[in-house]
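Step one of this worksheet: look at the structure below.
Please treat every number below as a calculation from the coordinates, not as lab data. Model, not experiment: these values are computed from the prediction. All Cβ positions, even for glycine, are placed from backbone atoms using ideal geometry, and neighbour counts span all protein chains on display.
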Amino acid sequence: MNEEKTCSYFIRNIAHTIKCLQDKCLVHYGLTNQQARLLGEIIKLSRTKKVFGRKELENRLNLKGPSVTSLLHGLEKKKLIETESNNNDARRKTLKPTEEGKKLIKQMDLVFEATENQLTDRLEEDEIKKFKEYLEVAYENMKE
């Protein structure tokens, strides 16, 4: 019996496959997908803002505080980010990427780009544009 596959089937399997592929590539760098996402976000924020903290990362990545804290400790231990105490509030830390972190994120961008290329490999330009529009709507739906 040929059962029709639902959107849920494809979403679950695509998400799982992407995570596994990226983790497989990232293991070479000693990073998980979550660590790479967090490092990328820290680098992006550091380009536009001098001061930001864990709370902003939680909101931007939709992660809980303890998860972000754990990921930050891992990145700091690997010397990919540095934390500095805030002069005005000792409880707040200022996060910034190290030079090693900046170099590594360029490699991570290649991993993420390869994943995107694999995902859209047999699509025409107009189909990719429409696919991106659908993904954006789906993403916005999930944020609500």
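Couplings 3J(HN,Hα) of region 26-43, computed from phi: 6, 4, 4, 9, x, 10, 9, 4, 5, 5, 5, 4, 5, 4, x, 5, 4, 5 Hz, in residue order, whole Hz [Karplus 6.51 cos²θ - 1.76 cosθ + 1.60, θ = phi - 60°; x for Gly and Pro]. Neighbour counts of other C-beta atoms within 10 Å: give me M108, M142 arranged from fewest to most. Ascending number of Cβ neighbours within 10 Å: M142, M108. What lysines could a cross-link reach from K78, if we take a straight Cα to Cα line under 24 Å and drop same-chain neighbours fewer than 8 places away? Filter leaves K19, K24, K44, K49, K50, K55, K64, K93, K96, K102, K103, K106.
Using θ = phi - 60° in the Karplus curve 6.51 cos²θ - 1.76 cosθ + 1.60, the 3J(HN,Hα) couplings for region 115-125 round to 5, 4, 4, 5, 5, 9, 3, 9, 9, 7, 4 Hz; x is entered for Gly and Pro. Listed peptides 135-141, 26-32, 72-78, 45-51 appear in the order 72-78, 26-32, 45-51, 135-141 once ranked by packing, highest mean of other Cβ atoms within 10 Å at the front. Distances between placed amide hydrogens fall under 5 Å for T94 paired with E84, S85, N86, all partners being 5 or more residues away or on another chain. Note on the chain: helix-only mean residue ellipticity at 222 nm, from DSSP H runs of 4+ residues weighted -39500 (n - 2.57) and normalised by residue number, equals -22500 deg cm²/dmol.
Annotation: peptides 96-106, 34-44, 8-18, ranked by per-residue average of other Cβ atoms within 10 Å with the highest first, follow the order 34-44, 96-106, 8-18. Where the alpha-carbon atoms of the chain are placed on the principal axes, they occupy 64, 34, 31 Å, in descending order.
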